[in-house]
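Worksheet for the structure shown next.
None of the figures in this text is laboratory data; all of them are computed from the coordinates on show. Please read these numbers as outputs of a predicted model, since none were measured by experiment. Cβ coordinates were reconstructed from backbone atoms using ideal geometry, including for glycine residues, and neighbour counts include every protein chain displayed.
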Amino acid sequence: MRKIGGYMAVIGIALIVLPYFGLTIRFLDWIDNWGETVSWAIKIGLIVVGAALYFMGKPSEEEATDTVEKSAE
């Protein structure tokens, strides 16, 4: 779930930042058709839900073994 949450949060941040540079993600352009308030709610919701999934998810096996190896030193 950490991976999915990370992707969701990054996409939400990209949806907020990219229009300032004149860019958009065409696949997610439909979000802006619902109005400004709903658009912001979806973007912020992506970030919040993505961050929650990221921090509540279990660490991958590589991260877990790295932590165990570092604590053994």
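Checking the structure you have, find out if any residue of segment 17-33 is basic (Lys, Arg) and within 12 Å of the chain's Cα centre (by Cα).
Checking segment 17-33: not a single residue is basic (Lys, Arg) and within 12 Å of the chain's Cα centre (by Cα).
For segment 39-59, give me each residue that is in a helix (DSSP H, G or I) and over 13 Å from the mean Cα position of the chain (by Cα).
Within segment 39-59, Ser39, Trp40, Ala41, Met56 meet the criteria.
Under 7 Å between Cβ atoms, at least 6 apart or on separate chains: pull out the pairs that start in segment 24-37 with a residue that is closer than 12 Å to Ala14 by Cα and end on any residue that is in a helix (DSSP H, G or I) and of a type outside the set (Lys, Arg).
Short answer, once both residue conditions are applied: Thr24/Leu18; Ile25/Ala14; Ile25/Leu15; Ile25/Leu18; Leu28/Leu15.
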